[in-house]
Structures are given as C-alpha cells and as structure tokens.
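Peer 1: Okay, here's the structure, questions in a sec.
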Amino acid sequence: MTDFLLELRSEEIPARMQAGARAELEKLFRREMDAAGIAPGDITAWSTPRRLALIARDLPEATKAVREEVKGPPVGAPDAAIDGFCRKNGVTRDQLEERDVKGRATWFAVIDKPGRAMADLLAEAIPAIVRDFSWPKSMRWGEASRSTESLRWVRPLSGIVALLGDEVVDCEIHGVTSGAVTLGHRFHHSGDITIGSAADYAVKLRAGHVIVDHEERAAIIRDGAAKTAADAGLTLVEDEGLVAENAGLTEWPVPLLGRFDEAYLDVPPEVIQLTARVNQKYFVCHPPRTGEGDHPQDGGGAPSAERLANAFVCTANIEADDPAVVVEGNRKVLAARLSDARFFWEQDRKTSLAEHAKKLERITFHEKLGTVADKVERVAKLAAWLVSDARAPNGDHNLARQAAELSKSDLVTEMVGEFPELQGLMGGYYARAEGLPDEVANAIRDHYKPVGQDDAVPTAPLTVAVSLADKLDNLFSFFNIGILPTGSKDPFALRRAALGYLRLVQANGLELSLEQAAQAWGGLGRAKLGTQVAEFLSDRLAVQMKDQGVRHDYIAASREWAGQVDARTDRIEARARALGAFLDTPDGANLLAGYKRAANILKKEDWHGIEGEIAHTGEEDPLALVDDPDMKAVIDAKMAERKAGAVSYTPEPAESALTEALDTAAPTAARAVEAEDFAAAMAALATLRAPIDAFFESVTVNDADPAKRAARLNLLARFRDAVHQVADFSRIEG
C-alpha cells in the first residue's frame, strides 16, 4: 500500500469557489477509483489561493486481474444483434460462451481484464479529472483556446505534482507535464520546492511559507483576529463567513489591528461593518464594555445596534518587517470607503422619506402589478385594516398606514443603492433621524422580517402589521395574476413570504382569516383568492411542521373547516397538533383503526347515512315543502328520531352502547370544535374507542334482515360523521 499526492497549481482561485473545488476534486478521484474497483483509504483535499491538493492513502501498487461475464442475446438471435454485442464488449464470436438462463440458451461474453500498475491507472485518471472538473466560472487560455474543445480551468493551469509514493506519475495536460516540483509563497519564498512524497508535502510547503491546510489557516485567522482585538482591549465581532473568505485569500495569514478616524462612527454601525466586510474583507470590533450603558440609544430613544470601535482587523498574506506599513495601507483604503459611506448617509438625510417615496412611482414592481408605489399603497391599506378591523394585532391604524407608506422609501437612497442588503434597516435609521415616532421607525426597519429560518420574528404590533401586509400583498398579488411557484422555481420568493407569514402568526398568536384579509386587500368577492392562498399556506405549514415531527397527513386531515380549506392557518396548526397527540395514544390509534374499518364498509356499500341521503339522492328536504308550523314540528321530530338512530327491532347491547356513546360524544366534540378546543374534541372522540371496538367484535353489520343492516350502516355513518366533524380521518395514512 502506498500514498498518492496530486497538486493542481494555477493563479488565484476565488475564495468562494474553493470549498466546492475541494469537494469536486475528491468526487472525481473517487469516481476514477470506483471504476477501477479500488477502495482507497482516507482522502484529504486542501486548497490555497494558488493550488488544489489531494492526498489518497493506502492505494494498492496494482489493480487485481478480474474476469467479467456479460449477458448477451439468446442463441439464435439475429446476426446483427450478436455482432453488435461482440463489438461492444471487444470479443469475437468464437469467444462467446453458451449458458442456460431460465431454460433458454443465451450467449455470454467472458472478458479477462489483467491487473494494471497503479501508476498507469493514475496517469489516465489525472487528465480525466482535470478535463471533467466543474467550476462555477472557468476560462480557456493560450493558442489552444481558439478551439472550443480546449481545456477549461478556473485560471490557467501552471503546474502538476503527481506522486505515487516517491515516484512521479507521468502525465500531460494542455502542455503542462507532471513532476515533483511546486512553488512556495509568492513573496516569502523564491525558487522551486521538490516534494519527496505525500508525507512531506505539507511540511515542505510550510517551510516555503504556505499553510496548505485551509482549516488550519482559518483557525489562525479566527484565533489571531480575536487575540489581536483583545490585546487592544476590544472585542472582535465574530464572522465565520469572513474567516473562511480570508482563509481562501491567503497562504500565510497574519491578522493585524488598525484604527480609523472616530468621526466615521457617526455612520450607522451596520454600514461600517458592511463597508469593511464587503469591500475590504476586514473584521470590526466592539469597544470595551463599561456597564449597562454599552448599548446606546438612537436619537428616537429606541435601542440601536451595539456600537463599534474605530478599529478593524485585516488579514495580511505576508509577515511584514514593519506591520505598521501594511496597516497604514489598509487604513487608507478603508478610510476612502468609509468616506463614501458617510457621504451617502449625509446626502440621503437631506431628503425626507416622504420625498424619497415619490420616486417609487418610477420603479416597476411587476408589469401586471404596477409600480412599487402601487404596491406600497396596497400594503398601507392592508396594514391599516390589520391593526383596526382585523385587530391582528391591535394598534393605531394611522401610524400603521404611515409606516407602510414609508417602508420602501429607502430603496431609492444612495446607501441602499450601494448596499442593497441594508434595505429596511436604513429606512429605520432615516425615519428616526427625521424625528418620526419610534413605532414607525421600527416598523420600517423590521418589516421584511423574518427573512430566514433563524431571523428574529417581530412582536411589536405596528411592525407585525406592516410585515404581514407586505407578505400578504406579495401572495395575493401574484396569486391573483396566476403566478404561482412551480417545482424548484419561485422567482418572486412566494414560499419565503409564506413561511414569514406563518412565523409571524405563530409567534404572535394571531387568529387571522385569509378570506377576510383578501377582501380587505382587493374588495368584496376576493374570498376565493383568500382560500387559494390559504391552501398554499397550509402546504407550507405542512413542510414547516414536518421538520418539527408533525406528519404531513395530519395537516391534510386538519385543513378542512365547514366544507372548505380553512382560511386560518393557526386553526389548522392547532388541530393538527391535537390530532397528532391524540393518535399517539392507544385510544387514538385504536379509534383510527375502527374509523377506517367503518369507512371501508360504508364505501363498499356506497352508504351515505341519513345525513347524506338528501344530498346523495337529490331528495327534497321534507320540511321545505310544508307551510303548516304544527306539521313541520311533527316532521322535524320524526327526522330527529331517525337521526338519533331509532330502529324497528331490539338492538344488541353493543349497538345500544355505541348509540349512547355517540349521543354524548358527537355534540360534545362539536361544541369543542366550535370553541376551537381541539384537545377537548379529541378527548370526546376517545370515548368512542371502546364502544366501536365492542361493536365490531359482537355485531354483524350486513345482517340478513334489511332493517338491521340499514340501521347498523346508519350507526357506522353516524360514527364516521362524528369523527369527521373533528378532523378528516380519511386523509390519515396507515
């Protein structure tokens, strides 16, 4: 057994591509080994800005000879089929062997593959790996790039190290031949580095000021940046994404602390952090904590983001003789960026948000939905309704409308033009600087939330109203023009809007009818639109709750209310959770089994029960044909008697017991459902478990006596209907 080293060297590999490149290199290497029937030991993939490397351990020195048998056409098949089979497998007719396959003579090709030296196998595998490598972006270069068949790589490939043990694996790719020589750090090492084997690869590169292990570089940056800040009495703002990015930009990382002018701290801290992070890849720091006053107040009195210190940590790629020179160069570049940010901040505040909002009339939201200004008007109308008429949540409708009308104003500001990820946040800052009420500023700031699964969910009434209105407008608007998510395509992020809506409703305990919301949004006659959106939301609810251990069929069984999809997702969720808890008990599991048995019998007999007779047969309601109040009372009493299960024979004890249980459980469950106490409704159903079990054990449903058969089928129909008024058990699987 021996180890194999492969290094593919090029110019700068973008940091964002390196993790994917490491995974791709390992995947393609395993593909080649699997095709040869080889199972390598541990595989390690590394990357730096200038190289991809792979070490595969415990490779055999040669592959084993193998014999393969390939089934072919039956004896007597057309000559063309047999000749084609021979060509495909590289054999002649006289090499075929006849075998019996299920009583039929069949030709087999027996192919002996001799063992191959591992070096020869790798010499073919390396070009295949490079040729099939997938990069998000790649290029061709040199004279060969005139042809579209030439090699593509992220940057021009400049060197290959390929060593099996201490021997070079000879191969050539695009004019680059393999060898044992690599290069060290661009500035700290001159000349070639000769690698002896995989065992000394990392050691020799380290001597050349290259740390080839990306995880080690990340640890140096993470720990070094934190220590550098702590040594200055500061606290580093942790940013794991920035750690990984800096690790992908350096081969010899050296964290250094710098300072910038305190005057820039007047700019919102999020702007400073984004400027440092996005443009320069710098970390920022918090100042020393001195007590409860560390979290200053914005001008309007609401807590702002934690203050930043006038300090940054950059990651140099060299060990400078005078680090101060490196820091000063980085400080100047950052100062220029911060100066731009401060200019945007000051310029934007010269115009009120209301004036900025007028510019939204020039931005198209969607060709069928008008401008962003049109969207804002719809959101404002819906937000005002939510806090007043809907009371979901309660609040001042004038402030809700004001916050909604200004919520998108920052989209046309210079700052959001530079940093689109600050939309909403900057609107909140500008509103507070303008002297608008805190509730309005906070609603503008947070109305996009929650964006992701880990994002905080607003709870302030005004913010909740504007956030709900914004998400509902997206859903209602696009559903209204027939644009729905399909498969993996969701260009207008409607699934994200749906999940945001659900989290807002859940976190704030809201009871909001989407039918009513749709009519408030678009006028009377929009209830059907609300039902359509409710159905979509219930599907997203099923996905969300599946991650929480609630089965999707429990959602399906709970989404019906009064014969249609429930327009309140909170009610669907409450019923599904109560249903899940009930069915996890022995009573629930046994009742479900009894229900399915009853439902199967009724389906087989095509029996709808007394409740369904009129709808099923088209028979006129007898009370509708009677004008005499006394006669109506008589007929009503007779119908009630029928529905109560009156029969013309003496019922068996189990029949009577089930009838009595239904007389109590059905109305109890109905009242509990009406009160939205689904746990109590399930408890009422639990009382039916023993009677239905006893019924099936001792009663013959399809009795020879037609009266008994009809009465017992009606009793099962009553049982089914009592269960259905709580949840649609027919949707439950298993």
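Peer 1: It is to be established whether one or more residues within the range 554-567 are of a type in the set (Asp, Glu), at pLDDT below 95 and buried (at least 20 other Cβ atoms within 10 Å of the Cβ). If you could, list the steps in order and put the result at the bottom.
Peer 2: Initially, the range 554-567 is screened for residues of a type in the set (Asp, Glu), giving 560, 566.
Subsequent filtering for residues that are at pLDDT below 95 retains 560, 566.
Among the residues that remain, those that are also buried (at least 20 other Cβ atoms within 10 Å of the Cβ) are: 566.
Yes.
Peer 1: Considering only the range 1-111, give the strands (runs of 3 or more DSSP E) lying wholly within it that have at least 2 residues that are at pLDDT below 95, farther than 30 Å from Thr250 by Cβ and not assigned by TED's automatic domain parsing to the domain that holds Ala202.
Peer 2: Strands (runs of 3 or more DSSP E) meeting the threshold: 66-74, 96-101.
Peer 1: Only residues that are touching a His at 6+ places or on another chain (Cβ under 9 Å), farther than 14 Å from Glu172 by Cβ and modelled with pLDDT of 95 or more: list them for the range 120-155, please.
Peer 2: Hit for the range 120-155 is Trp153, nothing else.
To keep it simple, each residue is scored yes or no on (1) farther than 16 Å from His447 by Cα; (2) at pLDDT 95 or above; (3) crowded, with 18+ Cβ neighbours inside 10 Å.
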{"position": "Lys350", "(1), (2), (3)": "yes, yes, no"}
{"position": "Glu355", "(1), (2), (3)": "yes, yes, no"}
{"position": "Thr371", "(1), (2), (3)": "yes, yes, no"}
{"position": "Arg378", "(1), (2), (3)": "no, yes, yes"}
{"position": "Asp389", "(1), (2), (3)": "yes, no, no"}
{"position": "Gly395", "(1), (2), (3)": "no, no, yes"}
{"position": "Leu399", "(1), (2), (3)": "no, yes, yes"}
{"position": "Ala404", "(1), (2), (3)": "no, yes, yes"}
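Peer 1: Mind checking which residues of the range 1-45 are of a type in the set (Phe, Trp, Tyr) and within 33 Å of the chain's Cα centre (by Cα)?
Peer 2: Of the residues in the range 1-45, the ones of a type in the set (Phe, Trp, Tyr) are 4, 29.
Matches in the range 1-45: Phe29 only.
Peer 1: Further question on the same structure: In the list Ala225, Ala218, Ala202, which residue meets the criterion of being over 35 Å from the mean Cα position of the chain (by Cα) and at pLDDT 95 or above?
Peer 2: Being over 35 Å from the mean Cα position of the chain (by Cα) and at pLDDT 95 or above holds for just one of Ala225, Ala218, Ala202, which is Ala202.
Peer 1: Now, a different point. Got a sec? Which of Leu399, Leu475 is part of a helix (DSSP H, G or I), aliphatic (A, V, I, L, M), in contact (Cβ under 8 Å) with a residue 12 or more places away in the chain and under 30 Å from Val543 (Cα atoms)?
Peer 2: Values: Leu399 fails: under 30 Å from Val543 (Cα atoms).
It is Leu475.
Peer 1: Which of the helices (runs of 4 or more DSSP H) found entirely inside the range 579-670 contain at least 3 residues meeting this: of a type outside the set (A, V, I, L, M, F, W, C) and at pLDDT 50 or above?
Peer 2: Working: elements: 586-604, 609-617, 629-643.
Counting at least 3 such residues, we get 586-604, 629-643.
Peer 1: A further question on this structure: Would you be able to tell me the number of residues in the range 478-508 that are buried (at least 18 other Cβ atoms within 10 Å of the Cβ) and β-branched (Val, Ile, Thr)?
Peer 2: Counting residues in the range 478-508 that are buried (at least 18 other Cβ atoms within 10 Å of the Cβ) and β-branched (Val, Ile, Thr) gives 1.
Peer 1: Looking at (1) assigned to a loop (DSSP other than H, G, I, E, B); (2) crowded, with 20+ Cβ neighbours inside 10 Å; (3) of a type in the set (D, E, K, R), which is the only condition Glu511 fails?
Peer 2: It is condition (2) that Glu511 fails.
Peer 1: Further question: Taking into account only those residues within the range 516-553 that are within 22 Å of Leu504 (Cβ to Cβ) and charged (D, E, K, R), which is surrounded by the most Cβ atoms within 10 Å (Cβ to Cβ)?
Peer 2: Across the range 516-553, the extreme among qualifying residues is Arg526.
The values are calculated or read from the model by the stated rules, or taken from the named source; none is laboratory data. Since this is a predicted model, take the numbers as computed values, not measurements. For neighbour counting, all protein chains shown are included, and Cβ atoms are generated from backbone atoms with ideal geometry for every residue, glycine included.
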